[in-house]
Amino acid sequence: MTETTGLFLAAAALGSGIGFQGSVSPGPLQTLLISETLSNGVRSSWRAAFAPVMSDPIALTLALSLVMIAPDWAIALIAFGGAAMLSWLAWGELKATAEDFELHRKPRRSLFQIWCVNITNPNLWIYSFTVNSLIIRNFWEKGGAALAGFYLLVFFVTIVSCNLATVLAVGALKQVFNPKALVVINRILGCALFCLALRFVYLGLVKLDVLKEASYATISFLTSSFEMLI
């Protein structure tokens with residue numbers, strides 16, 4: 001086996017592994033895939049499976065062009081934007097009724113909404129700056145554009161294929177549930193989206209050092225109060 005063949009095999013292994021991990025990891029897009037499939041079927045939700053193709057290149061391009069870690073305030077802004085978007089979607093899930101499913105009144109999400117969910121996910125940006133961009137740069141240095149491009153091809157084919165597999169699996173299971181069960185599932189998914197939104201808010205506060213300052217203030221207050229008592 002030549003060195004070039006070994007590099008391409010390594011790119012295939014890394015691309016498929018990271019693509020698979022990106023697809024199956026719990027997050028906004030995974031929740032959206034399930035929710036949209038249950039609400040509007042495979043014909044609507046398949047679009048969400050291709051969301052990484054529309055959003056990841058933007059984050060990767062910025063990561064590769066800057067060649068540095070994004071400043072904390074930028075990650076915080078993305079996190080807060082993602083929290084707002086997830087909260088809005090979660091509210092829609094919680095308002096779902098059985099009639100929405102029986103009469104198919106629940107409108108399908110636009111492609112722009114799907115894109116917004118993924119592009120405002122701070123994990124996408126963190127991962128692009130700290131993992132994917134470094135891997136791409138490494139392959140570029142070792143094998144040029146062909147090797148880096150091959151890695152990206154395998155990565156995107158894997159993540160989209162896994163997303164489509166999720167959509168098809170949920171679409172098949174949808175036939176088992178009646179409208180009332182679908183309402184319960186959608187409300188659970190809505191709560192999951194709210195939890196993700198809170199997690200994004202927490203991440204934003206951490207990046208802005210707000211929590212650190214609050215903890216220091218609390219410790220200082222307790223210390224001064226204790227000193228006054230003794």
Starting at the first residue of the stretch 191-205, write each ³J(HN,Hα) from the Karplus equation 6.51 cos²θ - 1.76 cosθ + 1.60 with θ = phi - 60°, in whole Hz, x for Gly and Pro.
5, 5, 5, 4, 5, 5, 4, 5, 5, 5, 4, 4, 4, x, 5
Taking all protein chains in place and a 1.4 Å probe, what share, in percent, of the accessible surface of the stretch 3-90 do carbon and sulfur account for?
75 percent
Tell me, what ³J(HN,Hα) does each residue in the stretch 39-49 have, in order and in whole Hz, if you take phi through Karplus 6.51 cos²θ - 1.76 cosθ + 1.60 with θ = phi - 60° and put x for Gly and Pro?
7, 10, x, 5, 4, 9, 6, 4, 5, 5, 5
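The values are calculated or read from the model by the stated rules, or taken from the named source; none is laboratory data. These numbers were taken from a predicted model, which means no experiment stands behind them. Quick note on the areas: whole protein, heavy atoms, side chains included, nothing else; ligands and nucleic acids left out. Shrake-Rupley method; radii C 1.70, N 1.55, O 1.52, S 1.80 Å.
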